[in-house]
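The values are calculated or read from the model by the stated rules, or taken from the named source; none is laboratory data. These numbers were taken from a predicted model, which means no experiment stands behind them. All Cβ positions, even for glycine, are placed from backbone atoms using ideal geometry, and neighbour counts span all protein chains on display. Remember, those area values only see protein heavy atoms, side chains included, never the ligands or the DNA or RNA. Shrake-Rupley method; radii C 1.70, N 1.55, O 1.52, S 1.80 Å.
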Amino acid sequence: MSRVRMIWKREFLRALFQPSYAFSAAVFTAMTGLNFWKQVHDQSGQDVTLNLLLFGSLFFWVLVLLWVSVVTLRTFPEEVRSGTLELWLAAPVREWELVLGKFAAVWLLIVLGTLPLAVYAPLLRWAEAQPWPIPWVEIWTALAGLWGIAGLLAAVGMAVALVFETPLPAFLAVFSAGLLLFFAESFVPFRWTVTPRWGYSVMLIQQAGDWSRGVADTRSLVALATGMAFFLFLSVRLLQLKRLR
Amino acid sequence: MMTVVQLTRRFGGRSAIQDLTFSACEGEILGLVGPNGSGKTTTARLLAGVLEPTSGHLSLYGRSPLRDAIEYRALIGYLPETAPAWGELRVREQLMQWAAIQGMPLRRSLLQMEWVLGVCGLEPCLERRIETLSRGYRQRVGLAMALLSNPKVMILDEPTAGLDPLQSETIRETILRLRQGRLIVIATHRVEDAEGVCTRLLVLHQGRLVADGTPDELRRRTGKTETLTAEIRGCRELVRERCRSLLFVEAVEVGGEEEWVRVTLRHRRGTDIRADLFRLAVREGWEIRELREERPPLPRVIASLLGGSP
């Protein structure tokens, strides 16, 4: 595990001080902030919880998907483009160590970039100058859900990105795969959405809705963890396949 | 130490390498030469463990890249064709991080880094970002990365590609310095680069090994005769006549100034007539001011081995 820790630390620090990460995180924060402000403005006077204003809109989740796709591109397509993937393949590092190290770095970058979302509620209270209780438990639950969903999207992104060798097609593929996961509901028979059993596991949009309300569903936790494990395993196999291609 | 037996690598239906067999020991500088598309880079990648062979066997000190992948790769320092590096990092950061990836403790990393910086001449640009370095310095960074773990085997793919003659010479000198105690494999299409550096050449053509030997052995395999040129002070006709009588000499050409005769002797391949010529000169009372073997240039030898004009 020491190699995983080393790769994780290296990739995290390398990306953290890159202008591209700072820029994309700033754009994400600004866009989500604007979205929050718009939701507050549009739905003022209605009986809507703060959490739904913050995490409940479809636009917010599309922003998450876009940003995760951008951050995931740092994993493999850029390495292929610059030729450094060959260095990794020749290094005394196992494929799973590389995948896990890079995934942990990407996930932590996403967590770091979404932390400003926790500041919006206190900011709103300060702007309104009215004392009202901030629903911290719901906010942190929603953030935890967001990190879980973003983790799954990042794992999917890594697997998809390994198939493509240039950043732009990889970005489009990662974004499309994420959209597919989010809107899988639209592609499955109607009855599943009415009586969701295992179908719930693949419907990210439903999970996102629950987390946004501050509801932690164990089915979602299991689904996200299983999905992440599956796509990370797939990434390892795809990386091994590069030695055969 | 390095054993390669019937190594084959296919991409789809096309064989990039077919039945490659050779072995090599430490102290050797092995040159993989051949035209573009002959399989040099594929061979280098197979040896470095980047690619897996379709069939055949490959081992380093008894380690297989398939069974003992980590131990195998730990024995190797690899410089890929374009000397890739993480451009946004400084040279020091790159080397320290690469040492950590190799699993080296910090203390050893620092010592090794100091050593490779000296060997590769990187001290002046230690704090510079790699993307701001010239092609030659980036190549040196790649070489330093390959050397960092003090590997027993170094595989260098086109180490002088894109460099000016001065930079190429610096890289060649560095490679020669590194020879002690390790096996170095160089894949290059610039045969002139291999000459003077490589102790042994593997000539590849369309994925097959067509010749294996030292540069001199390969020279001897091409052409039926070798050429010796001398400048002798003596009577032109007498020099021609006496030299023609030497054993193994097949043809004699004379020219040059009035006093100093320039004589070119074509003798049978694999024979050495220099001692006989000296004895003849002593006997006849001639003075010799120059004596040299005319060796055909290596590129021409390789072209000849590949079926081109000698």
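Give the residue, chosen from B:Leu166, B:Leu183, B:Leu156, B:Leu147, that is over 13 Å from the mean Cα position of the chain (by Cα), at negative phi and modelled with pLDDT of 90 or more.
Residue meeting the stated conditions: B:Leu147.
Just wondering, is there one or more residues in the stretch B:52-66 that are facing another protein chain (nearest Cβ under 9 Å), surrounded by 16 or more Cβ atoms within 10 Å (Cβ to Cβ), more than 28 Å from B:Thr188 (Cα to Cα) and touching a residue at least 24 places away in the same chain (Cβ under 8 Å)?
no
Tell me whether the stretch B:141-149 contains one or more residues that are in contact with a Lys or Arg (Cβ under 8 Å, 6 or more places away or on another chain) and either surrounded by fewer than 17 Cβ atoms within 10 Å (Cβ to Cβ) or within 19 Å of B:Thr41 (Cα to Cα) (or both).
Checking the stretch B:141-149: not a single residue is in contact with a Lys or Arg (Cβ under 8 Å, 6 or more places away or on another chain) and either surrounded by fewer than 17 Cβ atoms within 10 Å (Cβ to Cβ) or within 19 Å of B:Thr41 (Cα to Cα) (or both).
Conditions first: (1) open to solvent by less than 20 Å² (accessible area, probe 1.4 Å); (2) assigned to a helix (DSSP H, G or I); (3) at pLDDT 90 or above. A:Trp61 passes all but one, so which condition is the exception?
(3)
Considering every residue within the stretch B:21-42, establish whether at least one is of a type outside the set (A, V, I, L, M, F, W, C), part of a strand (DSSP E or B) and touching a residue at least 40 places away in the same chain (Cβ under 8 Å).
So far as the stretch B:21-42 goes, yes, one or more of its residues are of a type outside the set (A, V, I, L, M, F, W, C), part of a strand (DSSP E or B) and touching a residue at least 40 places away in the same chain (Cβ under 8 Å).
Filter the helices (runs of 4 or more DSSP H) completely within the stretch A:64-158 down to those with at least 2 residues that are within 14 Å of another protein chain (Cβ to nearest Cβ) and open to solvent by 10 Å² or more (accessible area, probe 1.4 Å). Walk me through it before giving the result.
On the way: elements: A:77-82, A:84-90, A:95-114, A:120-128.
So the answer is A:77-82, A:84-90, A:95-114.
Is it true that B:Arg233 is over 30 Å from B:Gly27 (Cβ atoms) and surrounded by 13 or more Cβ atoms within 10 Å (Cβ to Cβ)?
Here the answer is yes, as B:Arg233 does meet what is asked.
Tell me yes or no: at least one residue of the stretch B:274-294 is closer than 30 Å to B:Pro35 by Cα and open to solvent by 50 Å² or more (accessible area, probe 1.4 Å).
Of the residues in the stretch B:274-294, the ones closer than 30 Å to B:Pro35 by Cα are B:293-294.
Keeping just the survivors that are open to solvent by 50 Å² or more (accessible area, probe 1.4 Å) gives B:293-294.
The answer is yes; a qualifying residue exists.
Looking at this structure, is A:Leu179 open to solvent by less than 20 Å² (accessible area, probe 1.4 Å), touching a residue at least 40 places away in the same chain (Cβ under 8 Å) and assigned to a helix (DSSP H, G or I)?
The answer is no for A:Leu179.
When you check B:Leu247 against the structure, is it under 30 Å from B:Thr21 (Cβ atoms) and either open to solvent by less than 10 Å² (accessible area, probe 1.4 Å) or free of Cβ contacts under 8 Å to residues at least 40 places away in the same chain (or both), yes or no? Full working, then the answer.
Numbers: under 30 Å from B:Thr21 (Cβ atoms): no; either open to solvent by less than 10 Å² (accessible area, probe 1.4 Å) or free of Cβ contacts under 8 Å to residues at least 40 places away in the same chain (or both): yes.
Criteria not met by B:Leu247.
Looking at (1) farther than 20 Å from B:Ala144 by Cβ; (2) touching a strand residue (DSSP E or B) at 6+ places or on another chain (Cβ under 9 Å); (3) open to solvent by 10 Å² or more (accessible area, probe 1.4 Å); (4) more than 8 Å from chain A (Cβ to nearest Cβ), which is the only condition B:Leu75 fails?
(1)
Within the stretch B:20-38, identify whether any single residue is open to solvent by 30 Å² or more (accessible area, probe 1.4 Å) and within 14 Å of chain A (Cβ to nearest Cβ), and answer yes or no.
no
Would you mention how many residues in the stretch B:84-135 are surrounded by 19 or more Cβ atoms within 10 Å (Cβ to Cβ) and more than 14 Å from chain A (Cβ to nearest Cβ)?
8
Closer than 30 Å to B:Val33 by Cα and touching a strand residue (DSSP E or B) at 6+ places or on another chain (Cβ under 6 Å) - does that describe any residue in the stretch B:245-263?
no
Conditions tested, residue by residue: (1) within 14 Å of another protein chain (Cβ to nearest Cβ); (2) of a type outside the set (Asp, Glu); (3) surrounded by 14 or more Cβ atoms within 10 Å (Cβ to Cβ).
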| site | (1), (2), (3) |
| --- | --- |
| A:Arg3 | yes, yes, yes |
| A:Lys9 | yes, yes, yes |
| A:Phe12 | yes, yes, yes |
| A:Ser20 | yes, yes, yes |
| A:Ala25 | no, yes, yes |
| A:Thr29 | no, yes, yes |
| A:Leu34 | no, yes, no |
| A:Lys38 | no, yes, no |
| A:Ser44 | no, yes, no |
